[in-house]
Amino acid sequence: MLSVACEPIVVRNQVVTRDSHGIVAFELSSGRIVWRYRTRLPTADLIRAVTLQSPTDHDLAKGVQEGYAS
């Protein structure tokens, strides 16, 4: 199962977060990029993959209806 998190974390005076291309760290005091790691799966594709795995409201309602029919 995939999940997407976009909350930044602070580690040793660096803000580490995910951007549209991967993971990036900024210097806390200046905002200067310290390092960047490009991921194989861009954020938009990752979100689309997670969305496709998640049940829709229609699927959930159908499951409830089927449960009542049993």
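The values are calculated or read from the model by the stated rules, or taken from the named source; none is laboratory data. The shown structure was predicted, so the numbers you read here are calculated from the model rather than taken from an experiment. Backbone-built Cβ (ideal geometry, glycine too); neighbour counts: all protein chains shown. Protein only, heavy atoms only, side chains kept; ligands, DNA and RNA dropped before computing areas. Shrake-Rupley method; radii C 1.70, N 1.55, O 1.52, S 1.80 Å.
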Next on the checklist: Taking the conditions exactly as written (modelled with pLDDT of 85 or more and open to solvent by 100 Å² or more (accessible area, probe 1.4 Å)), does Arg32 satisfy them or not?
Outcome noted: yes
Next on the checklist: Looking at the structure I just gave you, is Arg40 at pLDDT below 80, among the basic types (Lys, Arg) and surrounded by 11 or more Cβ atoms within 10 Å (Cβ to Cβ)?
Outcome noted: no
Checklist outcome for this item: In the stretch 1-29, anything at pLDDT 85 or above, β-branched (Val, Ile, Thr) and open to solvent by 50 Å² or more (accessible area, probe 1.4 Å) is listed as Ile9, Val10, Val11, Ile23
